[in-house]
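Structure first, then comments.
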Amino acid sequence: MIITRKALPRRTFLRGVGATLALPLLDAMIPAATVLAKTAAEPVRRLGFVFMPMGCDITRWTPPGEKLDELSPILKSLAPVRDHVSVLSNLELRNAYPGTHATSNSSFLSAATAKLTESSDYYLATTVDQVAAKQIGQGTQLPSLEMSMDLLQTVGQCDNGYACVYQNNLSWSSPTTPLPAEAHPRIVFETLFGEGGSMAERRAALRKKASLLDSFNGEIARLQRKLGPGDRARVSQYLDTIREVERRIQKAEADAVGNPLPDLDRPVGVPAAYPDHARLMFDLQVLALQGDITRVITFQLARETSNRTYPEAGVSDPHHPLTHHGNDPEKIARMAKINAFHVSLFAEFVAKLKATPEGHGSLLDHSLYLYGSGMGNPNVHDHTNLPIIVAGGAAGGMKGGRHIRFNKPTPLANLHLTLLDKVGVHIDRFADSQGKVNQLFEPLSV
């Protein structure tokens, strides 16, 4: 790479051995001798979705008032970032009926009806993330990034006559093209930072170095000499984060060597503890957004019908059976602990986005994330009053710290349409949308 006194292009990369490194947004990317040179670099807009399986206990989810001054038991972990999130009540997915786990997953981002089939003639719709990726994702290394926590190898029929493809995939680039999600942090890491050749060739090249970043040492040194103090600090922080993420991946792979009984839902070589794995996947999202490697991300915290247990949250029962609680108060309470645990991981991620400077604000200011489920009350498999959170977007005008209750059941597609609009993707309709959710971007009355 050649560094000159001219402004760096936004799409500046460092080249290493079998790897490429995108840079975060730097002030040096603003042309010199212009009015813009006196301002921080202009950020881009990002859109992300995090899927929580099998609904929740809505009584412990719903905030008591219009403001988030008081948080419900499940949402308490959002307290440090409450001013950057809004909770939305009374959203629904009518096209998810007749009410199954397969349709809960498949309709979350499509708001469409899945074709009832056990075979390969499945049919859904293009999902909202891919609508965005076709416009805001074309200028990046990856138009979109699909991630999950489970190793999904099931095929055939998974749920009441629906093919497993509907539960395995959140993202569809067309009605007949599901996009598989990746659960292995090493593969995601190499997807973000690998360059050229097959996966085996890239790994062989990287094994010649102790760390991926070691192959960039000369390039990094030359770059740092050309940057101002603020940009040097940003680059150093970014590189430190990459090195720490890589170290955690290496440790997980080393630990897996001596594990004779791996979790069948967990790829070999990922952290043994669910929260460690989830945090690593969230940290990879931060790096992907910060380096502008992608601007559209989907992440499935667990698949529908997951029987994963959560000892870290004090729950030894498998998740799926707890959701069919038959109104047993003890089972509902344990299910709510899982709900709260999932939200706490998302809250940590939102806090990291908030703590990552970019331009005049933070990475959180220039991102919008939707967190939620395609199911409301899992005991009866309904798709009304969905648990939904929207985080970020202050630079785009979103007002946080609010609980928005719609007066009547409102299509989740209305929210999808609004989020698309706020990241610069302007379309008239999405699925069964009836219009944009204007309340999301209006000030909260006091």
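Any chance segment 116-132 includes a residue that's part of a loop (DSSP other than H, G, I, E, B) and under 30 Å from T20 (Cα atoms)? Yes, because at least one residue in segment 116-132 is part of a loop (DSSP other than H, G, I, E, B) and under 30 Å from T20 (Cα atoms).
Scanning segment 369-379 turns up at least one residue that is surrounded by 24 or more Cβ atoms within 10 Å (Cβ to Cβ), aromatic (F, W, Y) and closer than 24 Å to P64 by Cα.
Okay, residues lined up against (1) farther than 26 Å from H325 by Cα; (2) touching a Leu at 6+ places or on another chain (Cβ under 8 Å); (3) in contact (Cβ under 8 Å) with a residue 12 or more places away in the chain:
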| site | (1), (2), (3) |
| --- | --- |
| D365 | yes, no, yes |
| M375 | no, yes, yes |
| I388 | no, yes, yes |
| G393 | yes, yes, yes |
| G396 | yes, yes, yes |
| I404 | yes, yes, yes |
| K408 | yes, no, yes |
| L420 | yes, yes, yes |
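Restricting attention to segment 312-339, the residues being open to solvent by 30 Å² or more (accessible area, probe 1.4 Å) and touching a helix residue (DSSP H, G or I) at 6+ places or on another chain (Cβ under 7 Å) number 6. Reported count of residues in segment 348-358, each being open to solvent by less than 10 Å² (accessible area, probe 1.4 Å) and either part of a helix (DSSP H, G or I) or among the hydrophobic types (A, V, I, L, M, F, W, C) (or both), is 3. Only one entry in E246, E253 is among the charged types (D, E, K, R), at pLDDT 85 or above and closer than 14 Å to L280 by Cβ, namely E246. Within segment 411-421, which residues are crowded, with 20+ Cβ neighbours inside 10 Å and either of a type outside the set (S, T, Y) or within 18 Å of N385 (Cα to Cα) (or both)? Answer for segment 411-421, where residues must be crowded, with 20+ Cβ neighbours inside 10 Å and either of a type outside the set (S, T, Y) or within 18 Å of N385 (Cα to Cα) (or both): P411, L412, A413, N414, L415, H416, L417, L419, L420. On the given criteria, is A351 among the aliphatic types (A, V, I, L, M) and over 18 Å from the mean Cα position of the chain (by Cα)? Taking the combined requirement at face value, the residue does not satisfy it.
Residues in segment 87-96 that are part of a helix (DSSP H, G or I) and open to solvent by 20 Å² or more (accessible area, probe 1.4 Å): R94, N95.
Rundown of residues vs (1) open to solvent by 10 Å² or more (accessible area, probe 1.4 Å); (2) over 30 Å from A351 (Cβ atoms); (3) modelled with pLDDT of 95 or more, yes/no style:
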residue: V85; (1), (2), (3): no, no, yes
residue: P98; (1), (2), (3): yes, yes, no
residue: S104; (1), (2), (3): no, no, yes
residue: T113; (1), (2), (3): yes, yes, yes
residue: T126; (1), (2), (3): yes, yes, yes
residue: G137; (1), (2), (3): no, no, no
residue: L142; (1), (2), (3): yes, no, no
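Take the conditions (1) open to solvent by less than 10 Å² (accessible area, probe 1.4 Å); (2) closer than 18 Å to S86 by Cβ; G361 misses just one of them, which is (1). Filter segment 23-67 for residues that are in contact with a Gly (Cβ under 8 Å, 6 or more places away or on another chain), modelled with pLDDT under 85, open to solvent by less than 60 Å² (accessible area, probe 1.4 Å) and not in a loop (DSSP other than H, G, I, E, B) and give the result. Once the filter is applied, which keeps residues that are in contact with a Gly (Cβ under 8 Å, 6 or more places away or on another chain), modelled with pLDDT under 85, open to solvent by less than 60 Å² (accessible area, probe 1.4 Å) and not in a loop (DSSP other than H, G, I, E, B), segment 23-67 yields only A28. Each residue in segment 167-189 was checked for being outside any helix (DSSP H, G or I), touching a residue at least 40 places away in the same chain (Cβ under 8 Å) and β-branched (V, I, T), and 1 pass. Residue count for segment 108-144 satisfying the condition of being under 28 Å from P63 (Cβ atoms) and either acidic (D, E) or touching a His at 6+ places or on another chain (Cβ under 7 Å) (or both): 3.
The values are calculated or read from the model by the stated rules, or taken from the named source; none is laboratory data. In this text the structure is predicted, and so the values were computed from the model without any measurement. Cβ atoms come from the backbone with ideal geometry, glycine included; neighbour counts cover every protein chain shown. Accessible surface areas use protein heavy atoms only, side chains included; no ligands, DNA or RNA. Shrake-Rupley method; radii C 1.70, N 1.55, O 1.52, S 1.80 Å.
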